[in-house]
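Quick notes on the structure that follows.
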Amino acid sequence: MFLIRDWSYPYEHPYGLEGGLSFLEKRLQTDGVFPVRHQVKQNQHEELQNVRKHIHSCFSNIGCFLLPHPGLKVATNPHFDGRLRGEDPTAGETRHNQNSVTHAHIDEEFTKELVNLVPALLSPENLVEKEIGGVKITCRELLHYFKVSPAPWLRREEEELAYMKIYQGEELPHPKSMLQVSAHTHTHTHTHTHTQYDGR
């Protein structure tokens, strides 16, 4: 699921899943199923072209949600704590000051779309088992993909390609770097799993 926050063009693509899907198909230059190669712009960087061409083959389902801006009063006030509901009237008198920002300051359109987004992601019927390469993976295997802890079967130089490492810098990683991480981790995870089963 691609989440695009602070969407400012609802007149082109409406908020939510439906607008997100139409926007995503336009951006990825697809025909709704597979990328249409001749529609990928040749003046784009080669790495970006490859991402757009192959992203549909990397995921069984791709979705997109366009989320509006929550409103300047909550976005720019450091005292807002993110609550969507008001204070409990039984909790006693609440002290307010000139800097206080409440749920009432959240843009109504944002709240409406957030109520649609959360069930789309977390409702039991929408939760699916994580698969990589068509194979269901365990939590331990998923952990190795992100390399929160070292993967014992990776050589030191390969650990430099860890997801967590490429995001530690001040700049976002290039698409090529992320592709390398995915390829290396995917290959070695399957090799390690195959070795484990062969040893039983």
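The values are calculated or read from the model by the stated rules, or taken from the named source; none is laboratory data. All values derive from a computational prediction rather than experimental measurement. Virtual Cβ from ideal backbone geometry, glycine too; neighbours counted across all protein chains shown.
At pLDDT below 90 and touching a strand residue (DSSP E or B) at 6+ places or on another chain (Cβ under 6 Å) - does that describe any residue in segment 115-131? Don't jump to the end; show me each part of the working.
So in segment 115-131, the residues at pLDDT below 90 come out as 126-131.
Narrowing further to those that are touching a strand residue (DSSP E or B) at 6+ places or on another chain (Cβ under 6 Å): 129.
Checking segment 115-131: at least one residue is at pLDDT below 90 and touching a strand residue (DSSP E or B) at 6+ places or on another chain (Cβ under 6 Å).
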> Counting only residues that are touching a helix residue (DSSP H, G or I) at 6+ places or on another chain (Cβ under 6 Å) and either at pLDDT 80 or above or among the hydroxyl-bearing types (Ser, Thr, Tyr) (or both), how many does segment 81-114 have?
Replying inline: 2
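Condition (residue is over 30 Å from VAL128 (Cα atoms), part of a loop (DSSP other than H, G, I, E, B), within 21 Å of the chain's Cα centre (by Cα) and at pLDDT 60 or above) applied to segment 8-19: is it met by at least one residue? Talk me through it step by step, then tell me what you get.
Step one: filter segment 8-19 for residues over 30 Å from VAL128 (Cα atoms), giving 8-9, 11-12.
Those left that are additionally part of a loop (DSSP other than H, G, I, E, B): 8-9, 11-12.
Among the residues that remain, those that are also within 21 Å of the chain's Cα centre (by Cα) are: 8-9.
With the extra rule that they be at pLDDT 60 or above, the set shrinks to 8-9.
Within segment 8-19, one or more residues are over 30 Å from VAL128 (Cα atoms), part of a loop (DSSP other than H, G, I, E, B), within 21 Å of the chain's Cα centre (by Cα) and at pLDDT 60 or above.
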> Is it true that some residue in segment 48-60 is at pLDDT below 85 and not in a helix (DSSP H, G or I)?
Replying inline: yes
> Do we have VAL74 as at pLDDT 75 or above and surrounded by 13 or more Cβ atoms within 10 Å (Cβ to Cβ) here?
Replying inline: yes
>> Can you pull out every residue in segment 115-136 that is in contact (Cβ under 8 Å) with a residue 24 or more places away in the chain and either over 13 Å from PHE59 (Cα atoms) or among the basic types (Lys, Arg) (or both)?
In response: ASN116, LEU117, ALA120, LEU121
>> Considering only residues that are closer than 25 Å to TRP7 by Cβ and surrounded by 12 or more Cβ atoms within 10 Å (Cβ to Cβ), which ones fall in segment 109-138?
In response: GLU109, PHE110, THR111, LYS112, GLU113, LEU114, ASN116, LEU117, ALA120, LEU121
